[in-house]
Amino acid sequence: MSDRLVIGAAQLGQAYGRGPRREPPSEHEADAWYDAVVAVNARGIDTARAYGDSEAVIGRARDGRPGPALITKIRPLPEFDADSDPAAVERAVRESLAASFAALRVDSVDTVLLHRARDLRAGAGRSVTILDSLRADGVIIEWGVSVGSLDELLAALQLPGLGHVQVPYNLLDRRWCEPPVVAAIRSRPKVVIAARSTYLQGILVDPLARSWPGPHPADATELADRLDRIRRALGRESLRDLALGYVLGHPWVGAVVVGARSAAQITDTARLVARPPLTLAELDWVRSELPAGPLDLVDPSRWKG
Ligand SMILES: NC(=O)c1ccc[n+]([C@@H]2O[C@H](COP(=O)([O-])OP(=O)(O)OC[C@H]3O[C@@H](n4cnc5c(N)ncnc54)[C@H](OP(=O)(O)O)[C@@H]3O)[C@@H](O)[C@H]2O)c1
């Protein structure tokens, strides 16, 4: 089992990504996508109410059979804040989850995340108490949150019922390696930290073939050269192998969430995840050779275009 690999399904249900192809897979390709997740025995599939038809595509391919663990996310709740009516927040969370279950054709899932960290505070925290009670009732096994900043991670780690956090993490992102952050993560050993955006939607695996967000395209050639020098020095077979080996080299990373558009990408990713990750000494060396990227590049949730 690829127990540190979760396959990301944002690509399944909507136009997505920075590569030449953005449209979602056909029905036939989506079935092959699902079969590939089963074949590589991935730890699970990461989807969300907000990923267009992603949940419905998974539900159709799965067709009610037992299969890989499912991680889904409550729709973002921008209309609520800490002062909102808790009952309205509870209704919104329950309705989102019911819609996810209907689309996925299941009556329980392994993990439910709040899609935005600010939603942890919605309705004086009712969003959290409802997830706690769904877990107590056995409707979900664990709940968590997707975070984008250190403050969000540190605040989430204070919540006793938390079981799972998704963070954007990749070769250019140095934020999560600060000793106080690693100490806070270590203080909650049962919380799974899942790293997403490992390939930066493909920018880190083929910097010259992707459209870059914001004002960075001129840096693409230099980044491609530098990454390739590092790859060769470490004997990694490809930039994908380097990007995955780097993230998985961190002991606090419980899993990587790698987005896939096709069955072939899933098979390739699973093969690379099975390779030895970088050693701690290699991680230090990479950090000394590769400057940190700007925040508005390393976290796709900040991308404007
Ligand atoms: N919580 C959140 O707010 C949030 C935000 C974003 C994503 N996510 C989740 O995290 C998952 C991963 O993030 P992501 O998909 O944005 O970024 P990613 O995993 O960094 O990159 C995925 C992209 O890398 C390329 N790729 C993957 N395998 C490849 C291979 N073997 N060969 C060549 N290219 C390959 C593909 O690009 P092409 O499609 O161009 O081929 C693929 O779409 C998503 O699917 C989603 O489930 C969560």
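One residue stands out among those in the stretch 232-257 that are part of a helix (DSSP H, G or I), crowded, with 19+ Cβ neighbours inside 10 Å and of a type outside the set (A, V, I, L, M): the one that is farthest from the ligand (Cβ to nearest atom), which is Gly245. One residue stands out among those in the stretch 263-293 that are of a type outside the set (D, E, K, R), within 13 Å of the ligand (Cβ to nearest atom) and open to solvent by 40 Å² or more (accessible area, probe 1.4 Å): the one that is nearest to the chain's Cα centre (by Cα), which is Gln265. Taken as a whole, the stretch 39-53 holds at least one residue that is part of a strand (DSSP E or B), closer than 20 Å to Gln166 by Cα and among the acidic types (Asp, Glu). In the stretch 1-23, of all residues being modelled with pLDDT of 95 or more and farther than 15 Å from Asp268 by Cβ, the one that is nearest to the ligand (Cβ to nearest atom) corresponds to Ala10. Of all the numbered requirements in (1) surrounded by fewer than 19 Cβ atoms within 10 Å (Cβ to Cβ); (2) out of contact with any strand residue (DSSP E or B) (no Cβ under 6 Å at 6 or more places or on another chain), Ile141 misses one, and that requirement is (2).
Based on this model, can you work out whether Leu77 counts as part of a strand (DSSP E or B) and in contact with a Ser or Thr (Cβ under 8 Å, 6 or more places away or on another chain)? The answer is no for Leu77.
Only a single criterion out of (1) free of Cβ contacts under 8 Å to residues at least 60 places away in the same chain; (2) farther than 22 Å from Gly44 by Cβ is not satisfied by Gly249, namely (2). Considering Arg91, Arg21, Arg43, the condition of being of a type in the set (D, E, K, R), open to solvent by 20 Å² or more (accessible area, probe 1.4 Å) and under 26 Å from Ile193 (Cβ atoms) is satisfied by Arg43 alone.
Based on this model, can you work out whether Asp206 counts as within 13 Å of the ligand (Cβ to nearest atom), modelled with pLDDT of 90 or more and under 16 Å from Arg18 (Cα atoms)? Spelling it out, Asp206 is indeed within 13 Å of the ligand (Cβ to nearest atom), modelled with pLDDT of 90 or more and under 16 Å from Arg18 (Cα atoms).
The values are calculated or read from the model by the stated rules, or taken from the named source; none is laboratory data. Please read these numbers as outputs of a predicted model, since none were measured by experiment. Heads up, the Cβs are rebuilt from the backbone with ideal geometry, glycines too, and the neighbour counts pull from every protein chain shown. Side chains are part of the model used for accessible areas, which takes the heavy atoms of the whole protein and leaves out ligands, DNA and RNA. Shrake-Rupley method; radii C 1.70, N 1.55, O 1.52, S 1.80 Å.
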